[in-house]
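Presented below is the structure to which this report refers.
Just so it is clear, none of the values below were taken in a lab; they were calculated from the coordinates. Because the structure is a prediction, the values reported are computed rather than measured. As a convention, Cβ positions derive from the backbone with ideal geometry for all residues, glycine included, and neighbour counts pool all protein chains shown.
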Amino acid sequence: MKAIWSRNNTERDRAEESGSELSMIPNWSIALAVVAFLGAQYLFHFVMPHNKPGMLPMRLMMSYSCGTLIASYILMIGYVSRDVRRRGMPAALWMLIVIIMPGGVGAVVYFLLRQPMLTRCPHCTTEIASTYHFCPQCQFQMAPVCGQCFRGVQITDVFCTQCGHDLAEDQAPARLRVFRD
């Protein structure tokens, strides 16, 4: 029963994490994006001359396209402003790069060069990358690994997918043997 409860909590945590990416966009960014979209609509429909009625479809397409592009760029800036702090990177530098570089190139550079998410070791509280299987300070096992090739395995695997080693022979910590019989 305890294994099922912990599995349900893990699945719920993963679902919350996957949905939390949209919640990372700050409210100021959403409000500014709405204002920018409405400003583009006002610009194309009321400020720019529209003497030719045949140009209405083109004007509608351009107003929605430009408004959506500008709003998306503002939302991306808002996301980067929160994500850069979450990853422990210099916020002022990355915000400057994202805003100054034209056409969203700065955001592409950010997404290519951003640091991995950091987690804390439950044993010694050292911040480590989430891809590490062992803590570099205290050798605490963070994720299940094969005892022969030391590559990552799924907690439900019986054999290593890389070398075929029988994982039941390994002396895995009790917290990593939740799904064992």
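For region 6-115, which semi-axes, largest first and in whole Å, follow from the square roots of 5 times the eigenvalues of its Cα gyration tensor?
For region 6-115, the ellipsoid semi-axes come out as 35, 19, 11 Å.
Working note: Cα atoms of region 49-181, range along each principal axis, descending, whole Å: 81, 33, 23. In order along region 33-43, phi translates into HN-Hα couplings of 5, 5, 4, 5, 5, 5, x, 5, 5, 4, 4 Hz, rounded to whole numbers, per the Karplus curve 6.51 cos²θ - 1.76 cosθ + 1.60 with θ = phi - 60° and x for Gly and Pro. Max-minus-min Cα coordinates of region 82-159 on each principal axis give 50, 28, 17 Å, with the largest extent listed first. Once the C-beta distance of CYS138 and LEU43 is scaled by a Förster radius of 41 Å, the resulting FRET efficiency is 0.10 to the nearest 0.05. Spin-label model, LEU118/SER23: points 7 Å from Cα along the beta carbon direction are separated by 2.3 nm.
Cα centroids of region 36-84 and region 100-160: 40 Å apart.
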